[in-house]
Amino acid sequence: MKYRIFISSVQREFAKERKALASYIRKDAILGKFFEVFLFEEVPAQERSATSVYLSEVDDCDIYLGIHGEAYGNVDKKGISATEREYDRAGKKGKPRICFVKRGVNPDVRQQAFIAKVNAEVTRRGFSTYDELRTAVYAALAVFLESKNLINTLPFDAAKTAGVQLKHLSASKIREFVRDAREKRGFKMPLGAKPIDVLTALELVDDEGRIANSAALLFGKRPQHFCISSVVKCAWFLTYKVAKPIADYKVFEGDVFELADQARDFVLSHISRQIGEHFQSAAETTYELPERAIFEAIVNAICHRDYTSNASVQVMLFPDRLEVTNPGPLPKGMTVAKLKRRHKSMPVNPLLAQAMYLRGYVERVGSGTGDIIESCREKGLPPPIWENEDDGFTVTLRRVDNGSSKGRPLQPTRKTTPETTIETTIETTIENLGVGTRAVYDALVSSPTSNLGQIAEKTGMTKDGVFYHVKVLRKELGLRHEGSTKRGRWVFGRKGGR
């Protein structure tokens with residue numbers, strides 16, 4: 001059975017929103033299973049009067065969904081608009097009425113009176129943009145499905161199944177969110193707002209005080225207590241496939257913002273980078289992979305993953321590529337081909353996406369994948385590769401040799417970075433050296449004070465194996481050890497060179 005939704009509004013004022021909302025509900029993987037939408041403008045021409053058509057549709061609907069803004073609309077002989085007639089008819093027939101009122105408009109006197117009546121009779125939500133409207137509608141329909149005991153079919157972010165309470169959330173995280181959202185997106189919430197008021201504005205709490213699961217992912221003191229699979233697993237491989245030795249492996253915990261930041265920093269710490277000239281201001285760091293593309297890929301995976309899956313987001317760095325995989329396929333109606341051009345935003349987790357947008361972590365106009373493509377193009381890299389499977393979605397960013405089209409691993413000159421004090425005089429790449437030698441090279445660069453035993457443990461080699469590759473690096477790249485055995489460090493290139 002599908003529940004029929006009657007969308008009511010002044011058509012000319014909300015023509016785009018009506019069409020977009022109907023399309024969203026019909027195409028959403030969850031909502032599309034439970035709801036069908038009636039739009040008056042989709043009704044074919046017929047002999048019946050418009051009034052009889054829309055009133056009969058109200059009678060047949062299961063949910064009245066009203067969108068109210070500035071215009072009151074055309075009136076009948078009694079001076080009453082079609083939208084108010086529809087609203088009254090739904091109330092008379094005992095239909096659930098879900099109403100949304102647009103903020104920042106100047107309704108005329110009749111519309112003011114109508115909105116006042118709506119406020120007095122039903123709980124309504126405010127919105128400023130279509131995305132806010134869509135998120136609010138999503139939350140309201142989720143509550144409706146909860147009332148029908150269909151909550152287990154809802155996405156994790158909207159459900160109230162985890163038992164999240166206000167005490168489980170961090171007040172300081174909520175304050176930080178409000179501060180950032182005000183600065184970056186003009187979020188209309190005072191800095192000293194109570195946590196419950198912020199949750200209400202984000203549609204994360206219903207009228208009965210139940211808090212959505214996504215609140216724990218956004219602001220939880222221990223987010224993984226409510227969703228154990230919400231960790232992000234990061235691995236740096238020294239081979240071209242998932243195999244030992246693994247140079248570095250981390251499992252990050254925290255809220256979605258912390259996860260995104262930690263995963264990005266993991267990748268940036270293991271790829272080649274260059275430091276610009278130091279003048280009066282801080283020098284700019286550039287990376288072999290565009291930082292914007294890395295962050296966008298990671299954030300998208302965290303934001304749009306299936307949180308009901310036991311799998312986790314995986315960030316895997318290989319010598320020739322970066323792969324970011326999240327559990328769950330693309331949303332219904334979205335394809336890989338659409339990702340490569342400007343497209344409508346179709347978040348799998350709308351409540352989560354809205355909050356991450358407000359804090360500046362994601363865009364909500366379908367531009368994220370375009371940004372990845374553009375930043376790779378600007379860097380002279382091949383375009384990203386997207387792969388959509390039933391159990392997961394992967395984006396691959398390819399690392400290549402200084403613009404080469406042959407796809408060889410990039411190994412440019414390394415310079416001083418904030419993470420290491422090593423200064424090198426390497427004028428050549430190490431792409432022609434063996435995988436084992438490259439592994440030892442990367443380990444020495446990232447940890448120049450390590451001894452052979454520590455390098456062996458990090459790379460998964462024996463000490464004799466490490467010693468062999470050190471000899472190769474001494475010959476090919478001028479590797480030497482300066483200082484005492486315990487306090488010295490490994491240095492590449494000619495002494496005193498830069």
Open item on the list: Among the numbered criteria (1) touching a residue at least 12 places away in the same chain (Cβ under 8 Å); (2) of a type in the set (Lys, Arg); (3) in a loop (DSSP other than H, G, I, E, B), which one does residue 89 miss?
Closed with: (3)
Task: Hey, residue 36 exposed (fewer than 12 other Cβ atoms within 10 Å of the Cβ), over 21 Å from residue 125 (Cα atoms) and under 38 Å from the mean Cα position of the chain (by Cα) or not - done: no
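Determine which member of the set 149, 106, 119 is surrounded by fewer than 18 Cβ atoms within 10 Å (Cβ to Cβ) and at positive phi.
On the way: 106 fails: at positive phi; 119 fails: at positive phi.
When all the criteria are applied, what remains is 149.
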Open item on the list: For region 15-66, which positions are assigned to a strand (DSSP E or B) and either touching a residue at least 60 places away in the same chain (Cβ under 8 Å) or farther than 26 Å from residue 147 by Cβ (or both)?
Closed with: 35, 63, 65
Task: helices (runs of 4 or more DSSP H) completely within region 173-261 that count 3 or more residues being at pLDDT 95 or above, in contact with an Asp or Glu (Cβ under 7 Å, 6 or more places away or on another chain) and buried (at least 16 other Cβ atoms within 10 Å of the Cβ) - done: 213-219
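If you scan region 310-327, which residues turn out to be closer than 20 Å to residue 223 by Cα and out of contact with any Gly (no Cβ under 6 Å at 6 or more places or on another chain)?
Within region 310-327, 310, 311, 312, 313, 314, 315, 326 qualify.
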Open item on the list: Pairs please, first residue from region 454-473 and in contact (Cβ under 8 Å) with a residue 60 or more places away in the chain, second anywhere and acidic (Asp, Glu), Cβ atoms under 9 Å, 6+ apart in sequence or on different chains.
Closed with: 458/248; 459/442
Task: Lone unmet requirement of (1) more than 14 Å from the chain's Cα centre (by Cα); (2) modelled with pLDDT of 95 or more for residue 291 - done: (2)
- [ ] Can you work out which of the residues in region 301-326 that are in contact with a Pro (Cβ under 8 Å, 6 or more places away or on another chain) and part of a helix (DSSP H, G or I) is surrounded by the fewest Cβ atoms within 10 Å (Cβ to Cβ)?
- [x] 304
TODO: Look at region 307-333 and say how many of its residues are modelled with pLDDT under 90 and among the β-branched types (Val, Ile, Thr).
DONE: 1
Open item on the list: Against the definition (modelled with pLDDT of 80 or more and not assigned by TED's automatic domain parsing to the domain that holds residue 245), how does residue 495 come out, yes or no?
Closed with: no
Open item on the list: Going residue by residue through region 74-81, is there one that turns out to be part of a strand (DSSP E or B), assigned by TED's automatic domain parsing to the domain that holds residue 147 and of a type in the set (A, V, I, L, M)?
Closed with: yes
Open item on the list: Against the condition farther than 21 Å from residue 202 by Cα and assigned by TED's automatic domain parsing to the domain that holds residue 20, how does residue 127 come out, does it pass?
Closed with: no
- [ ] Those residues that are more than 41 Å from the chain's Cα centre (by Cα) and not acidic (Asp, Glu), I need them from region 56-80; list them, please.
- [x] 56, 74, 75, 77, 78, 79, 80
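Return a yes/no flag: does region 132-146 have any residue that is without any contact (Cβ under 8 Å) to a residue 12 or more places away in the chain, surrounded by fewer than 19 Cβ atoms within 10 Å (Cβ to Cβ) and not acidic (Asp, Glu).
Of region 132-146, the ones without any contact (Cβ under 8 Å) to a residue 12 or more places away in the chain are none.
No.
Kindly indicate whether residue 129 is within 28 Å of the chain's Cα centre (by Cα), among the β-branched types (Val, Ile, Thr), surrounded by fewer than 18 Cβ atoms within 10 Å (Cβ to Cβ) and closer than 21 Å to residue 15 by Cα. First the steps, then the outcome.
Values: within 28 Å of the chain's Cα centre (by Cα): yes; among the β-branched types (Val, Ile, Thr): yes; surrounded by fewer than 18 Cβ atoms within 10 Å (Cβ to Cβ): yes; closer than 21 Å to residue 15 by Cα: yes.
Yes: the conditions hold for residue 129.
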TODO: Could you check, for region 351-367, whether at least one of its residues is modelled with pLDDT of 90 or more, surrounded by fewer than 17 Cβ atoms within 10 Å (Cβ to Cβ) and among the small types (Gly, Ala, Ser)?
DONE: yes
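The values are calculated or read from the model by the stated rules, or taken from the named source; none is laboratory data. In this text the structure is predicted, and so the values were computed from the model without any measurement. As a convention, Cβ positions derive from the backbone with ideal geometry for all residues, glycine included, and neighbour counts pool all protein chains shown.
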